[in-house]
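Data block below; observations after.
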Amino acid sequence: MLRGVPVVVGVRYAPVVRPGRLPAPEEDTAAPGDPLAEAERFRAAVTAVAGRLRDRASRTAGAAAEVLSATATLAEDRAWLGAAEKRIAAGSPAEPAVRDAVAQFTDLFTTMGGLMAERVTDLQDIRDRVVAELRGMPEPGVPLPDVPSILCAEDLAPADTAGLDPSLVIGFATSGGGPTSHTAIIARQLGIPCVVAVGGLDDVPAGAMVLIDGDAGTVTVAPDPSAAADAVASARRAEDRTAHWSGPGATADGHPVGILVNIADGAAARAARQTPAEGVGLFRTELCFLDRDTEPTVAEQAQIYGEVLDAFAGHKVVIRTLDAGSDKPLAFAGQPEEANPALGVRGVRIAHGNPGLLERQLAGIAAAAEATGNRPWVMAPMIATADEAREFAAAVRRFGLTPGVMVEVPAAALLADRILEHVEFLSIGTNDLAQYTMAADRMSAELAALTDPWQPAVLALVAMAARAGAAAGKPVGVCGEAAADPLLACVLTGLGVSSLSAASAAIGRVGAKLAEVTLPQCREAADAVLASAGPAEARAAALAALG
Ligand code: PEP
Ligand code: MG
């Protein structure tokens with residue numbers, strides 16, 4: 001079993017196909033020709049390649065068409081054409097001139113890193129197409145397979161992936177690439193299960209049978225055929241259910257549960273509007289400012305928050321004030337150097353030494369509310385005491401907004417009833433609640449079994465907070481990763497949680513699972529989980545109750 005980074009969910013079992021042969025550098029024309037004739041040959045090849053890409057763009061739609069047009073434009077980009085022509089004018093044959101000019105730019109992009117580095121594949125694809133054209137070879141790229149197949153490659157060029165027929169290429173795996181590469185973008189659009197950065201994939205030959213799992217991020221070579229068929233069938237059933245779920249969130253017997261989305265900025269909010277999510281349950285504002293050295297102005301903040309409020313106009317939006325510190329330091333927050341930052345000045349605690357920071361953020365949120373007409377709820381991270389909740393709530397109310405707090409520290413769950421005297425809602429952050437309940441760093445792979453959200457001790461604290469909410473008649477949601485696990489989402493519902501907020505990708509699966517079970521089943525699962533001694537027993541008990 002080879003491991004990579006999951007990009008598009010789904011499980012498929014099929015033979016491997018690999019892209020067509022690339023023109024090898026050692027076969028390039030080596031003897032210098034007439035520079036003028038070479039330049040003409042070069043121009044004609046570029047025009048042919050760009051023309052074919054545009055032609056394919058006109059025959060597809062959406063992101064695929066955009067990617068193909070962008071590649072065609074890049075093929076005719078003056079910077080690299082000029083670099084190649086300069087070499088040809090100096091006496092180089094066209095093929096090595098193309099390679100050298102492209103190398104000049106790919107080296108630069110690689111040094112720049114990030115998104116630029118992911119564009120290296122695009123430019124190398126153009127190089128291979130132009131060189132093949134110069135040699136009179138067929139265009140390199142993806143063959144049209146005879147049977148449904150899984151396309152495996154080092155990295156797939158956008159021009160290869162954009163024109164694909166998803167009934168013939170039913171899965172993608174690459175040994176290179178990242179989750180934001182064009183390959184990944186197109187795989188998402190086509191809905192083809194996709195795993196990138198798969199170690200060892202280049203040794204898997206064409207024709208080998210593989211099982212690709214876009215949930216787990218794995219590629220299994222030559223699996224047992226009947227086990228593979230079972231895995232595909234069960235994943236297909238889950239996909240069908242998910243695809244048909246359109247909200248709103250409710251159990252099979254009609255108990256409503258808000259299904260909300262976690263987002264980090266306006267773009268994510270706009271993308272999340274394509275899901276059946278009923279609103280935003282957690283807007284992690286600190287993620288907008290991780291690269292900032294100076295504090296964003298009130299006006300800048302208002303603009304950023306306004307984008308999210310606009311995207312979810314007429315819907316609930318919960319904005320979390322800056323959760324700086326620990327694994328998310330903000331340069332402008334003025335945090336002290338600490339030996340133990342997870343237990344230090346993070347979250348709402350920063351406001352104690354720098355109250356202006358919170359005031360200015362609340363002013364930005366209030367201005368965004370005014371401008372958009374969508375008044376968000378506002379919550380503080382890392383609340384530990386009822387006094388902190390009272391002070392925060394007073395500040396939020398001064399701006400005419402609805403205050404709540406996160407329950408991430410066990411003390412807040414234990415005294416949830418007293419905290420609820422001051423605020424209108426609670427939102428349970430199971431990621432930190434698990435870290436602080438189990439005294440285990442959430443970033444540690446070695447301690448992952450301890451920070452498992454199925455730990456009954458963590459769920460007992462969730463139950464306490466939910467009970468306090470029910471007694472006070474105030475909503476209590478979950479916005480940690482626990483809410484993204486469909487089975488655990490049912491257990492949380494049984495514990496009395498009123499909304500679940502998760503990443504966009506998890507919304508369909510959570511909503512669909514919840515729609516299959518009844519509230520009594522959720523409650524039975526919740527009781528069984530609370531009576532368990534550990535996470536494995538808790539999961540098994542929940543499965544028995546929920547199917
Ligand atoms: C949490 O702790 O569960 C939470 C939602 O906050 P974050 O993951 O941003 O710390
Ligand atoms: Mg947290």
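How do the pairs read when you match residues in the range 423-434 that are over 14 Å from R320 (Cα atoms) with residues anywhere that are open to solvent by less than 10 Å² (accessible area, probe 1.4 Å) and within 10 Å of ligand 2 (Cβ to nearest atom), using Cβ under 6 Å and keeping only pairs 6 or more apart or on different chains?
Matching pairs, first to second residue: T430/G480; N431/G480; D432/E408; L433/E408.
Is the range 441-449 home to any residue that is under 24 Å from the mean Cα position of the chain (by Cα), under 26 Å from E516 (Cβ atoms) and either of a type outside the set (A, V, I, L, M) or in the same structural domain as M382 (by TED's automatic domain parsing) (or both)? Steps first, answer last, please.
The initial filter retains those residues of the range 441-449 that are under 24 Å from the mean Cα position of the chain (by Cα), namely 441-449.
Adding the requirement that they be under 26 Å from E516 (Cβ atoms) leaves none.
Taking every residue of the range 441-449 in turn, none turns out to be under 24 Å from the mean Cα position of the chain (by Cα), under 26 Å from E516 (Cβ atoms) and either of a type outside the set (A, V, I, L, M) or in the same structural domain as M382 (by TED's automatic domain parsing) (or both).
Among the residues of the range 375-403, count how many are open to solvent by 10 Å² or more (accessible area, probe 1.4 Å), within 16 Å of ligand 1 (Cβ to nearest atom) and in contact (Cβ under 8 Å) with a residue 40 or more places away in the chain.
Qualifying residue count for the region: 1.
Can you say whether A311 is more than 16 Å from ligand 1 (Cβ to nearest atom), open to solvent by less than 60 Å² (accessible area, probe 1.4 Å), out of contact with any Pro (no Cβ under 6 Å at 6 or more places or on another chain) and modelled with pLDDT of 95 or more, as far as the supplied structure shows?
Working: more than 16 Å from ligand 1 (Cβ to nearest atom): yes; open to solvent by less than 60 Å² (accessible area, probe 1.4 Å): yes; out of contact with any Pro (no Cβ under 6 Å at 6 or more places or on another chain): yes; modelled with pLDDT of 95 or more: yes.
Against the criterion (more than 16 Å from ligand 1 (Cβ to nearest atom), open to solvent by less than 60 Å² (accessible area, probe 1.4 Å), out of contact with any Pro (no Cβ under 6 Å at 6 or more places or on another chain) and modelled with pLDDT of 95 or more), A311 qualifies.
Starting from the range 336-363, take each residue that is under 19 Å from F289 (Cα atoms) and list its partners that are open to solvent by 70 Å² or more (accessible area, probe 1.4 Å) and among the charged types (D, E, K, R), counting only C-beta distances under 8 angstrom and pairs at least six apart or across chains.
Short answer, once both residue conditions are applied: L362/R398.
Out of contact with any strand residue (DSSP E or B) (no Cβ under 8 Å at 6 or more places or on another chain) and not hydrophobic (A, V, I, L, M, F, W, C), is that true of T294? Before the answer, list the steps.
Values: out of contact with any strand residue (DSSP E or B) (no Cβ under 8 Å at 6 or more places or on another chain): yes; not hydrophobic (A, V, I, L, M, F, W, C): yes.
The answer is yes for T294.
Considering only residues that are among the polar types (S, T, N, Q) and under 17 Å from G404 (Cα atoms), which ones fall in the range 340-373?
So the first thing to find is which residues in the range 340-373 are among the polar types (S, T, N, Q), and the list is 340, 354, 361, 372.
Matches in the range 340-373: Q361 only.
Among the helices (runs of 4 or more DSSP H) contained in the range 6-114, which hold 2 or more residues that are open to solvent by less than 20 Å² (accessible area, probe 1.4 Å) and under 14 Å from L134 (Cα atoms)? Step through it out loud before you land on a result.
On the way: elements: 35-58, 62-75, 78-89, 94-112.
In the range 6-114, the matching helices (runs of 4 or more DSSP H) lie at 35-58, 78-89, 94-112.
Identify, please: which residue in the range 404-426 is within 16 Å of ligand 1 (Cβ to nearest atom) and open to solvent by 10 Å² or more (accessible area, probe 1.4 Å) and is, among those, nearest to E359 (Cα to Cα)? Quick ask: steps written out before the conclusion?
The first filter runs over the range 404-426 and keeps only residues within 16 Å of ligand 1 (Cβ to nearest atom), leaving 404-413, 416, 425-426.
From what is left, the residues that are open to solvent by 10 Å² or more (accessible area, probe 1.4 Å) are 409-411.
On the way: V409: 23, P410: 27, A411: 25 Å.
Taking the candidates together, the pick is V409.
If you check A482 against the conditions, is it within 16 Å of ligand 1 (Cβ to nearest atom), in contact with a Pro (Cβ under 7 Å, 6 or more places away or on another chain) and open to solvent by less than 20 Å² (accessible area, probe 1.4 Å)? Break it down into steps so the answer makes sense when it comes.
On the way: within 16 Å of ligand 1 (Cβ to nearest atom): yes; in contact with a Pro (Cβ under 7 Å, 6 or more places away or on another chain): yes; open to solvent by less than 20 Å² (accessible area, probe 1.4 Å): yes.
So A482 passes the test.
Take the range 428-469 and flag every residue that is within 16 Å of ligand 2 (Cβ to nearest atom), open to solvent by 10 Å² or more (accessible area, probe 1.4 Å) and in contact with an Asp or Glu (Cβ under 9 Å, 6 or more places away or on another chain).
N431, Q435, Y436, M438, R442, M443, T451, P453
Let me confirm something: among L309, L260, L290, L282, which residue is under 21 Å from the mean Cα position of the chain (by Cα) and assigned to a loop (DSSP other than H, G, I, E, B)? Quick ask: steps written out before the conclusion?
Details: L309 fails: assigned to a loop (DSSP other than H, G, I, E, B); L260 fails: assigned to a loop (DSSP other than H, G, I, E, B); L282 fails: assigned to a loop (DSSP other than H, G, I, E, B).
Answer to the check: L290.
Working only within the range 256-298, note down all residues that are surrounded by fewer than 18 Cβ atoms within 10 Å (Cβ to Cβ) and more than 19 Å from L330 (Cα to Cα).
Listed by number, the residues that qualify are P256, A267, R270, A271, R273, Q274, P276.
On the given criteria, is I419 farther than 25 Å from V308 by Cβ and not charged (D, E, K, R)? Spell out the reasoning first.
On the way: farther than 25 Å from V308 by Cβ: yes; not charged (D, E, K, R): yes.
Considered against the rule, which asks whether it is farther than 25 Å from V308 by Cβ and not charged (D, E, K, R), I419 comes out as yes.
Specify the residue that is farthest from the chain's Cα centre (by Cα); the eligible residues are those in the range 138-165 that are of a type in the set (A, V, I, L, M, F, W, C) and modelled with pLDDT of 80 or more. Even if it seems obvious, please write down each step before you answer.
Start the filter on the range 138-165 by keeping residues that are of a type in the set (A, V, I, L, M, F, W, C), which leaves 142, 144, 147, 150-153, 156-157, 159, 162, 164.
Still in the list and also modelled with pLDDT of 80 or more: 147, 150-153.
On the way: V147: 31, I150: 23, L151: 22, C152: 22, A153: 22 Å.
Selected residue: V147.
Out of all the residues in the range 497-521, which are closer than 20 Å to L282 by Cα, in contact with a strand residue (DSSP E or B) (Cβ under 7 Å, 6 or more places away or on another chain) and open to solvent by 30 Å² or more (accessible area, probe 1.4 Å)?
Answer for the range 497-521, where residues must be closer than 20 Å to L282 by Cα, in contact with a strand residue (DSSP E or B) (Cβ under 7 Å, 6 or more places away or on another chain) and open to solvent by 30 Å² or more (accessible area, probe 1.4 Å): S498, A503, S504.
The values are calculated or read from the model by the stated rules, or taken from the named source; none is laboratory data. Here the structure is a predicted model, which means the values were calculated and not measured. Cβ coordinates were reconstructed from backbone atoms using ideal geometry, including for glycine residues, and neighbour counts include every protein chain displayed. Heads up: the accessible areas ignore ligands, DNA and RNA and are worked out on the full protein's heavy atoms, side chains in. Shrake-Rupley method; radii C 1.70, N 1.55, O 1.52, S 1.80 Å.
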